[in-house]
Amino acid sequence: NAGVMQNPRHLVRRRGQEARLRCSPMKGHSHVYWYRQLPEEGLKFMVYLQKENIIDESGMPKERFSAEFPKEGPSILRIQQVVRGDSAAYFCASSPGRADYEQYFGPGTRLTVT
Amino acid sequence: SQKIEQNSEALNIQEGKTATLTCNYTNYSPAYLQWYRQDPGRGPVFLLLIRENEKEKRKERLKVTFDTTLKQSLFHITASQPADSATYLCASDQAGTALIFGKGTTLSVSS
């Protein structure tokens, strides 16, 4: 059973470009979470999605960031007009139920904005 | 605001000893706490979950406690090994949807 997959593993973007991060949850999991981790900081929740629905986006910056989890295909975290402060590791996790189930994390995408 | 804190950034112990990591929470009452392990450059890996009505949970050499009076969880690794060296993260529910994480404690076990 393949684990959570994220791609790309490393992404370099110039300021002003768009970044698209993809996450394929574990088979059978319909709950997806995105987190951001900055150096020397903990994991920060961004958004929680189920298939075709955003359940909680309270941790997502109001501008430039968006997320989706379509009926078919991976979940996408999209960052428009990236700035240097967006450089971080972005992790996706999936679970078979709501947050009181353990979460299975992907390897992360390391975004570098130059 | 809800806070979850792991007071020690780093913990160094000798092989064979018991490592004890602390997680404290303030301004809320989580329904459960989770512990994860994270190695450099990798995503966190789930270890244990303990609910508010459980005092203690064990899994092999791992033990976690949940004290709602002290608002604290303790995570123990007995007979520690160099392979246990990693960062350990404490997490709890946030309004029933997502997890909030502590900053982690980096454990180093020397042989």
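Summary of values
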item: Residues satisfying the stated conditions in region B:21-41, i.e. surrounded by 15 or more Cβ atoms within 10 Å (Cβ to Cβ) and of a type outside the set (F, W, Y); result: B:L21, B:T22, B:C23, B:N24, B:P30, B:L33, B:Q34, B:R37, B:Q38
item: Selection from region A:17-27 of residues that are in contact with a strand residue (DSSP E or B) (Cβ under 9 Å, 6 or more places away or on another chain) and either outside any strand (DSSP E or B) or closer than 14 Å to B:G43 by Cα (or both); result: A:Q17, A:E18, A:C23, A:P25, A:M26
item: Region A:10-43 - residue that is within 12 Å of the chain's Cα centre (by Cα) and surrounded by fewer than 19 Cβ atoms within 10 Å (Cβ to Cβ) and, of those, nearest to A:S75 (Cα to Cα); result: A:R22
item: Test: residue in region B:66-80 that is hydroxyl-bearing (S, T, Y), within 14 Å of chain A (Cβ to nearest Cβ) and assigned to a loop (DSSP other than H, G, I, E, B); result: no
item: Flag if A:E63 is charged (D, E, K, R) and touching a Lys or Arg at 6+ places or on another chain (Cβ under 8 Å); result: no
item: Cross-chain or 6+ apart pairs with Cβ under 7 Å, region A:24-45 first and over 17 Å from B:C90 (Cα atoms), then of a type in the set (K, R); result: A:S30/A:K51; A:H31/A:R98
item: Any hit, region B:96-103, residues being at pLDDT 95 or above, in a loop (DSSP other than H, G, I, E, B) and not charged (D, E, K, R); result: no
item: Any hit, region B:19-29, residues being more than 11 Å from the chain's Cα centre (by Cα), within 11 Å of another protein chain (Cβ to nearest Cβ) and not acidic (D, E); result: no
item: Search result, residues across region B:23-65 that are among the hydrophobic types (A, V, I, L, M, F, W, C) and either part of a loop (DSSP other than H, G, I, E, B) or in contact (Cβ under 8 Å) with a residue 60 or more places away in the chain (or both); result: B:C23, B:A31
item: Elements of type strands (runs of 3 or more DSSP E) contained in region A:32-114, each with 2 or more residues being within 11 Å of another protein chain (Cβ to nearest Cβ); result: A:43-50, A:53-56, A:88-95, A:109-113
item: Within region B:54-84, tally of residues that are surrounded by fewer than 18 Cβ atoms within 10 Å (Cβ to Cβ) and out of contact with any Phe, Trp or Tyr (no Cβ under 9 Å at 6 or more places or on another chain); result: 14
item: Count of residues meeting criterion [of a type in the set (A, V, I, L, M, F, W, C) and under 20 Å from A:Y104 (Cα atoms)] in region B:76-94; result: 4
item: Number of positions in region B:88-111 that are crowded, with 20+ Cβ neighbours inside 10 Å and more than 10 Å from every other protein chain (Cβ to nearest Cβ); result: 4
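The values are calculated or read from the model by the stated rules, or taken from the named source; none is laboratory data. Since the structure is predicted, the reported quantities are computational estimates derived from the model, not experimental observations. Cβ sites come from the backbone with ideal geometry, for glycine too, and all protein chains shown count toward neighbours.
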